[in-house]
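Taking it in order: structure first as structure tokens, then the write-up.
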């Protein structure tokens, strides 16, 4: 009797454990669990600026007229071809046929018109209205042609239409996209357990090549320590932006993981309030630039990951000019300049730091560096909410550290009320020319000039370009190494087995 | 008895009212514009204004307060800014983790504490007593989040027996779901167990010396029978009181532990909501938590008074 | 004034009671351990005001994450700061927050409790209701809300922990004071025309002082734990000032190659709290014979 019970017990135990473990084993081949640090506030990329939204839905759930790939190239997406008029003011898009939204609704030119008009409307909640500001009219010509007219030639227009904020939505489902995103992409939205994960499934009616992955889960893990533990234990298969660079070496020496260090569009800067005393004085800004030791900040805050920058431009970009030598690390010079500016004994100021570790850790290091030349900084840690309100909206700050992750955003320096409040008509003129120039060589020259102006004026402390630290299971292929747009494009991802 | 009950009920209501007022006052001065948070760094002023009207931020403060209270009484906890979902839905979802976790932690700590406490009392001044009390002293001194970190390091990373955190979800099966709660429950339970064991031991020791126990022994009851039938039963009174008070500490502990193990529970929701300035979520969770603690303390008082008629006079120490 | 001191002294220290203590060897041992541990931690904290092996503001990134050596007795952290110095200053920080929190809590709680015990009636009811309400908000919850409004920081942790100390002291004061208020000499004092405050100072407080001291020690220990928790979550003392809790949260991602960074601050907390708890228990034995029976 006892032996029978024992046998049944063993059977139960085995089958029970098999049930518990089998689920995960089978799913591994066509399923990916991706870890991310910030939870998106909702899932409509056309109604919010959070990078996290695009990191879930870009290219997976939603598609735009064009698409940006990991090499920052513009590819056709919902528009399979286009014609640009010679004056650069008219774009004629030829749309793909036979495309359906996830709820079965057909995709056609009316959806493009709807999406673009929705973005440019008075009450639009689109966070990047500037992308569409040149548009004067959007017209459908039949079901498969859309004609977009611009008021000025915009060199970046096709790239702009590839942003997450420009994806095409269906008028019937647009208002509920925040919680139930309906797009045309290869993945459908399955479920969102708030605070925990977002689940994507397969779109059986996808117009293009079906991805190797059938399902995906985005697991939200804000805590760097938890991220480390989850990756190690295999609870997540990949972290596109691993938040704990100190553990990179550990994962690099572990044969079951791939570590890929790539670039992002994130210029990490010590933002300076250019309209606030004493930072309105060029000498003071130059002094700060000399006091900074960029490599020490990279080593201490990012454990060596990151490239020093001398201006607001990404080093991996073809038009980049290396201006890191404009104000080299020289504390003695810094003190001299401060004395010249009227602060022989330095001065006190505040440093407001948002949550990311590049800011919190970088801030402590910068405070120590500036202390050496007599500038005493009071560190004020803030949450994103407060940062947005105090620093970004009310410009109530002296110094802060933040990473600007939108691609090609040097244009923010033309906005006089943008939070660091830099006002230079000479710079604005350069950017205006740039906006109407399409010739690549001339564009590069203008971009170079713009970079030089910002570097010379030491508008902000230009620290480093944020690196993309991607760590994933060694059997996973196809994840992006670089991040030219905020995205986790899963369409090209597959498992090796 | 009924006047006592009525008085205490009235007191309960007043407490809740005051709590709600203070919560509302404190959180309405929160500097911060929810619209900016949602729309983010690049948003423009007109879109911000549109969102603000959408969220009803243009009503007066007293109006907002009364709407809030009447809403709660009808079960409407408002709508979260950041998640655009009814808060009641969020709370229920999170409770499906926090409640089992809390129950697990309390059960574990009680199951550990009471036998150990009684055993220690029974072996008063002998080695078992000293040993158990020594461990209890240690348990009380260990911060629960540090204990949690050590647990993860040992049982998850080194041994791989448990997941490092996260919640498998109830649909993955009872086994998988409970497995993800083991380490968190242990991290929560042990410090509580330490306190509880000490209290149990003192309470039992105190009761053992009471006359009625001596009478029981004189009547011929064995030492153990006297211990269990009389001492422990009466010792339960302060123990239950402490259990009720423990709820406060459990709340605080849950917030930290849910963060260490990244569990999608009520505690972490609160913490995240505060960071996101989601006033609606914060207000409603805080009032819910406060109401729970106050109500449970009230129930404990009732239980205490029911057991000990001497306490119904008006004071209850 | 002198008779006040005499009153307190007579109650706190009685020769016969002291001699009783030496008879119980177990208490003796743990009490002594408690005193030693607490004293060491206190001393470390105080010394840090005058001297630490290295300045805690000195970042030395090229020498980060080193193990123990003759240059750095307990190694360095991820910024190259000396861990031993950080622990010393952290001790001072923890104790400072806890002491002020007790001061705040007792300063409001004790008078409230005495008032409730002395006046009875609706005054007592209101105080008890306030207590119920205050108990509903653990220090962490209050700190989280305060920090959301006013930002994180040392002052906010003092307030948050202090606010939770108020009902503790109020409750214990009221409980102990109740029985004293009933005694005849209070009636006599009142008839003699002594004001309530004088009665409280001269008669009530000396008799409950022992209970308050014991509770104060326990709250001190709890305060250190609470401060550690708040700093761990980032709501307490802010950088560049070191705190044990912050050291632990920073160490979590570096446990794998620098486990000492995660162990040492935790040990510091455990030793301090343990010492204070043992001290509190021991003091309870010395100062309050009623409770002593339970040991």
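Coordinate-derived values only; no laboratory data. All values reported here derive from a predicted model rather than from experimental measurement. All Cβ positions, glycine included, derive from the backbone under ideal geometry; neighbour counts span all protein chains shown.
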Is any residue of segment A:91-122 close enough, with backbone N under 19 Å, to a label point placed 7 angstrom from the Cα of residue B:49 along the Cα-Cβ axis, and if so, which?
A:119-122
10 Å Cβ neighbours from other chains, averaged over peptide A:323-331:
0
Compute the FRET efficiency between residue A:94 and residue A:425 as 1/(1 + (r/R0)^6), taking r as their Cβ-Cβ distance and R0 = 56 Å, and round to the nearest 0.05.
0.85
Percent RCO, i.e. relative contact order, over chain C, from Cα pairs under 8 Å lying at least 6 residues apart
25
Once you have the Cα-Cα distance between residue A:133 and residue A:307, take 0.36 nm times their residue separation minus that, and quote the gain in nm to one decimal.
59.4 nm
For segment C:225-270, what relative contact order do you get, as a whole percent, if you take Cα pairs closer than 8 Å and at least 6 residues apart?
32
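Among C:172, B:106, which comes first, second and so on when ranked by fewest other beta-carbon atoms within 10 Å?
B:106, C:172
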On a 0 to 90 degree scale, rounded to 10, what angle separates helix C:259-287 from the longest Cα axis of chain C?
20
The exposure ranking of C:191, B:215, fewest beta-carbon neighbours within 10 Å first, is C:191, B:215
Taking Cα atoms, how many degrees apart are the long axis of helix C:2-12 and the longest axis of chain C, rounded to 10 and kept between 0 and 90?
70
On a 0 to 90° scale, report how tilted helix C:83-119 is relative to the longest principal axis of chain C, with both axes built from alpha carbons and the result rounded to the nearest 10.
20
Ignore the peptide's own chain and count Cβ atoms of other chains within 10 Å of each Cβ in B:280-290; give me the average, rounded.
2
Taking the number of other C-beta atoms within 10 Å as the exposure measure, put A:472, A:480, A:495 in order starting with the fewest.
A:495, A:480, A:472
Report the relative contact order of chain A, percent, no decimals, based on alpha-carbon pairs under 8 angstrom and at least 6 residues apart.
21
With a point put 7 Å past each Cα toward its Cβ, work out how far residue B:99 is from residue A:253 in nm, to one decimal.
4.8
Whole-Å distance, taken between Cα centres, linking segment B:93-130 and segment A:220-290
43
Could you please state, rounded to a whole Å, how far the C-alpha centre of segment B:1-23 is from the C-alpha centre of segment A:146-177?
57
Computed FRET efficiency, Cβ-Cβ of residue C:33 and residue C:196, R0 60 Å: what is it to the nearest 0.05?
0.90
Mean other chain Cβ within 10 Å across A:122-129 is 6
